[in-house]
Every structure is written in structure tokens, then in C-alpha cells.
Amino acid sequence: MKLFSFWRSLATYRVRIALNLKGLSPEVIEVNLMKGHQRDPQFRAVNPMMALPALVDGEGPALFESLAIIEYIDEVHPTPPLLPSAPKARARVRGLAQLVAADSHPLIVPRVREYLSAEFKIDEAGVAKWAQHWHQAALSGLEEHLATEKDTGTFCQGEQVTIADICLASQVAGANFFKVDLTPYPTVNRIAASCAKIDAFARAHPLKQPGAPASV
Ligand SMILES: N[C@@H](CCC(=O)N[C@@H](CS)C(=O)NCC(=O)O)C(=O)O
């Protein structure tokens, strides 16, 4: 198994957590997003969207999109399960996960920030404000769901670690990268702290990966 990865990639962080939870250790191939290596022809042949992560399991082509990869890992290695069994609980977990991975994260990835600055001449402070805004939108949505819904427990869905917790952890790591104040989101913070105590989450953290700085 080969994982195309970069320390700072939040989507790859999600997949690393899932792999760790399942006890899988793929070979890691670095694609340096800060040097634009995702646009090199060799990686474009792996993932035409020129985005991380990509996972090759046995024969290619590579799998792409973090949530699709995580569900694949969960289907092939069902223990421990990353989705609850009840249909409504599964939909809630997928909804919380997509709030992060589909509604917020795509707005703050390098290609979007680079386009804002190159095409619209938005300065560094403006791009940071943009990223903070979309982080806050997702964090507010998560907080409202998690603080008010009875299914919330130690984790997003009761006592089971699910794909929603994986996504929540990536949202909080990204918020820290972009210096977003997390105090208005106490339930998100509490669940992120519970996740951080689990070795599979701790080892997967962006700042624990080869090439990462001590802090950002
Ligand atoms: N929706 C995708 C996001 C993929 C994505 O945009 N990944 C970022 C890193 S977290 C990336 O590689 N971006 C490259 C770029 O924006 O140029 C997923 O969840 O896998």
C-alpha cells in the first residue's frame, strides 16, 4: 500500500488517522505542496485533480478523495468500524464529516488561496481572513450540531470513534494553522481533546510527520 502524502495536508491527515486506527502502515511518498509538486506530471498521472491524498492498494489506479479512501479502508478492514450501524446515525456521521470535507476544507486549500492572490491580487492578510472565515463557518456548524444533539457523547457519535471525529480533528488542526480562536467552540474542543489522547490520532498529526516544522 502506498500513500501519497505531505505533512501539512489536512485531507491526508484524515486518511492517516483511519490507517492508524486499522493498524495499517503504508509506504509514504511525499508530494511537497509548498513547492507545487502536486502539479508535476508524475503526480498528475496519479491524481488528475493534483491534490493529496492518493492511495494505491495493490494494483492501480490510485484511490482519491479522503472520504472515499477512508470508506474503502473501512470496507476492506472492518475492525474497528468507522461508521455506526444504524442508518440515521450513519447519515449524521457522514453529514458532520462532509460539513468539514465538502463544505469548508475545499475553500482553503492551496490552489484556492493561490488563485485568490494571483488572480484577484488579494494580499496575505486578505487570504488569511478568507481562510479564517470558512474555518469559523464550519466550526460554528459543528459546534451547534454537537452541543445540541443527543447523539453526541465523548465523540461526535456517542462513544464510538467515527469518520466525523477524523474530520473534526482535521478541522481543528487547520484552524490552528490559520490562527483561528477556538474558544467559541467548546464542544468541538472537548471532542478534539478526546481524539488527541488516542495514539492513532496523535501519530497522524501534521506536525508529527517527516519534514514538518515544530510549530506553524
Ligand atoms: N476533497 C479532497 C481535498 C483534496 C485537496 O485539496 N487536498 C489538498 C491538501 S489537503 C491539496 O493537495 N491541495 C493541492 C492544491 O490545492 O494545489 C479530499 O478530501 O481528499
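We did not get these values from a lab; they are worked out from the coordinates using the rules stated. All values derive from a computational prediction rather than experimental measurement. Please note: Cβ atoms are built from the backbone with ideal geometry, for glycine as well, and neighbour counts cover all protein chains shown.
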Neighbour count of at most 14 Cβ within 10 Å plus DSSP loop: longest GluC sites (Glu not before Pro)-free window in the chain: 60-148
Structure-based [θ]222 nm, the chain - -39500 (n - 2.57) summed over DSSP H runs of at least 4, per residue, nearest 500: -15500 deg cm²/dmol
Dipole of the chain [Lys/Arg +1, Asp/Glu -1 at C-beta], most positive-end residue of 61, 213, 138: 213
Distance in nm between pseudo-label sites at residue 28 and residue 190 (7 Å out along the Cβ direction from Cα): 3.2 nm
Shape category assigned to the chain from the gyration tensor of Cα positions, a/c cut at 1.5: oblate
Longest site-free stretch - the chain; sites: trypsin sites (Lys or Arg not before Pro), DSSP loop, at most 11 other Cβ within 10 Å: 1-120
Projected label distance in nm at residue 212 and residue 86, using a 7 Å step from Cα toward the beta-carbon: 3.5 nm
Only Lys, Arg (+1) and Asp, Glu (-1) charged, at Cβ; the chain dipole about Cα centre in debye: 240 debye
DSSP bridge orientation in the chain - percent antiparallel, rounded to nearest 5: 60 percent
Dipole magnitude (debye, nearest 20) for the range 87-206, charges at Cβ of Lys, Arg, Asp, Glu: 220 debye
Amide proton proximity set for residue 63, modelled H, under 5 Å, gap of 5+: 55, 56, 57
Long-range amide H partners of residue 122 with built H, under 5 Å: 117
Length-normalised contact order of the chain in % [C-alpha pairs under 8 Å, at least 6 apart]: 25 percent
